[in-house]
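Undergrad: Starting off with a structure, shown below.
The values are calculated or read from the model by the stated rules, or taken from the named source; none is laboratory data. Since the model is a prediction, treat every value here as computed from it, not as a measurement. Because the Cβ atoms are built from the backbone with ideal geometry, glycine has one as well, and the counts that use them run over all protein chains shown.
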Amino acid sequence: MDQLIDNFSLDNLNKHRSTMFAGKLSYLNKAHIDIKGKTPLGKQHLAAKAKEAVHKQLGSNVAKRFSAEYVGRVLQLNKDRIDVVQDLPLVCPYFFVKPDFNAKEAIDMRAKLRHKKIDVENTLDKSIDALEGVNAGAFHEKAVVNALGSLSQSEGFQGAALMTPLRYALTACKVCCPLQNRDEAR
């Protein structure tokens with residue numbers, strides 16, 4: 001302690017308020033989430049903070065329907081898309097509430113699908129049929145990918161012709177975590 005006192009000098013202090021570059025702050029927040037998310041206790045703490053954010057942003061009726069464990073899995077799935085834990089319900093509300101198909105983004109997305117002549121209802125019906133064919137005991141990512149892959153081949157769907165209507169139906173958003181990872185949170 002004496003050494004610290006001896007080395008202390010007012011020469012390097014200034015009268016200006018300290019500031020931090022926003023990009024650096026974002027980086028530090030993401031690093032904090034990443035580091036905390038590596039330990040069980042850290043994951044619990046982050047999940048509790050995220051659940052508080054769900055309560056604050058979406059209301060207590062929504063928050064009480066989901067366990068901290070579920071919210072924590074959603075957080076882990078989306079940690080690369082958020083700067084602060086409190087942003088979770090804003091970045092991916094579709095994990096907590098039904099999609100808002102009347103939102104501008106959803107309406108624009110639907111119009112784009114129509115413009116590309118993608119039959120959303122038919123695609124969704126065929127997707128549901130394909131997924132209902134998966135044995136309930138074997139319903140995991142690989143089985144879903146295989147079922148949708150078979151559907152894509154049999155119907156001649158090309159990339160977005162299958163995944164975009166699914167994204168629309170599940171999220172009503174253009175941007176979300178990869179659809180194949182959504183079942184990790186459920």
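Undergrad: Under the condition of being in a helix (DSSP H, G or I) and of a type in the set (S, T, N, Q), which residue from segment 125-154 is surrounded by the most Cβ atoms within 10 Å (Cβ to Cβ)?
TA: For segment 125-154, the residue satisfying everything is SER127.
Undergrad: Something else now. Being among the hydroxyl-bearing types (Ser, Thr, Tyr), surrounded by fewer than 12 Cβ atoms within 10 Å (Cβ to Cβ) and over 21 Å from VAL97 (Cβ atoms) is the filter here; which residues of segment 27-86 pass it?
TA: Scanning segment 27-86 gives a single hit, THR39.
Undergrad: Pairs only if they're at least six apart or on different chains, beta carbon under 6 angstrom, first in segment 112-123 and farther than 14 Å from GLU155 by Cα, second surrounded by 14 or more Cβ atoms within 10 Å (Cβ to Cβ); list them, first residue then second.
TA: Taking only residues 6 or more apart or on different chains, the pairs are LEU113/VAL120.
Undergrad: Which of (1) part of a loop (DSSP other than H, G, I, E, B); (2) modelled with pLDDT of 85 or more does ILE107 not meet, given it meets every other one?
TA: Tallying (1) part of a loop (DSSP other than H, G, I, E, B); (2) modelled with pLDDT of 85 or more, ILE107 fails exactly one: (1).
Undergrad: Of all residues in segment 133-175, how many are within 26 Å of LYS117 (Cβ to Cβ) and acidic (Asp, Glu)?
TA: 1
Undergrad: Pick out the one residue from GLN86, GLN158 that is polar (S, T, N, Q) and closer than 30 Å to GLY59 by Cβ.
TA: Of GLN86, GLN158, the one residue that is polar (S, T, N, Q) and closer than 30 Å to GLY59 by Cβ is GLN86.
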